[in-house]
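> Supplied in structure tokens, the structure appears directly below.
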Amino acid sequence: MNKEAAIQVAREYIKKWERLGSKSLSGGSYSPDEANNLAYNTVLYPYPDGKGYSIGWGTYANLRSTGQPITKNTRITKADADQNLDLEIMSTIVPYLDKNVKVELTENQYAALASLSYNAGSGSIKFNGLLDAINSYSPNVETIWKGVATRDSRTGLVSAGLKNRRKDETMLWNGSYNELYSYYLRNNFNI
């Protein structure tokens, strides 16, 4: 596996699901196409997420670049958002995956695990025995994966959006990822 290529796939995949938000104090996120063409000095605002705030590409609680807590008054640029995404992947997710995954993965499998870890925390790969299934080459990986971290942290209820993301991640994992279907999953939360 080419780890740099896998990380690049993960980075772009995460950006599609997380979206770049928020456009203003009143909300709104940039679509993946808008975000790709956005000036690096564009100011981004925080948005409520769970019991705290997130900013940029879903950076939660503290900015990785400075350690600063994210509050309703935090402001960053698109360049800061990209830096925080990269820091989270490289300083937290990659070391965790490298330490815990004991089997050879494809680039897409590594990217799918990185996406799950970014969205639900690195420890999420251990939920419901997912890591054990991966490390033992179990045929149940996809079934287990689809049930991992599907509850909205704000409401505690199963989220259609998170269920769709897990479905899309399993498609990335098994090599059947389809860009058009992924777009549909990201934008239609009632399937």
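The values are calculated or read from the model by the stated rules, or taken from the named source; none is laboratory data. Every value quoted in this text rests on a predicted model; they were computed, and no experiment measured them. Neighbour counts are summed over all protein chains in view; Cβ atoms, including those assigned to glycine, are modelled from backbone coordinates with ideal geometry. Just the protein is used for accessible areas: all its heavy atoms, side chains included, with ligands, DNA and RNA removed. Shrake-Rupley method; radii C 1.70, N 1.55, O 1.52, S 1.80 Å.
> Is there any pair with a first residue in the range 174-185 that is at negative phi and a second that is surrounded by 13 or more Cβ atoms within 10 Å (Cβ to Cβ) whose Cβ atoms are under 6 Å apart and which are 6 or more apart or on different chains, and what are they?
Taking only residues 6 or more apart or on different chains, the pairs are Tyr177/Met171; Ser182/Asp168; Leu185/Asn164; Leu185/Asp168.
> Which of the residues that make up the range 17-33 are open to solvent by 80 Å² or more (accessible area, probe 1.4 Å) and either acidic (Asp, Glu) or not in a loop (DSSP other than H, G, I, E, B) (or both)?
Asp33
> Sticking with this structure for a sec: Counting residues that are under 26 Å from Tyr40 (Cα atoms) and open to solvent by 10 Å² or more (accessible area, probe 1.4 Å), which helices (runs of 4 or more DSSP H) fully inside the range 69-186 reach at least 3?
Fully inside the range 69-186 and qualifying: 78-88.
> Do you know which of the residues in the range 95-144 that are acidic (Asp, Glu) and over 29 Å from Gly56 (Cβ atoms) is modelled with the lowest pLDDT?
Glu142
> Right, here's the next one. For the range 43-58, give me the residue count where each residue is free of Cβ contacts under 8 Å to residues at least 40 places away in the same chain and within 20 Å of Trp17 (Cβ to Cβ).
Residues meeting the conditions: 9.
> Oh, and also: Give the residues of the range 43-59 that are buried (at least 16 other Cβ atoms within 10 Å of the Cβ) and at pLDDT 90 or above, sorted by residue number.
Passing the criteria: Leu44, Tyr45, Pro46, Tyr47, Tyr53, Ser54, Ile55, Gly56, Trp57, Gly58, Thr59.
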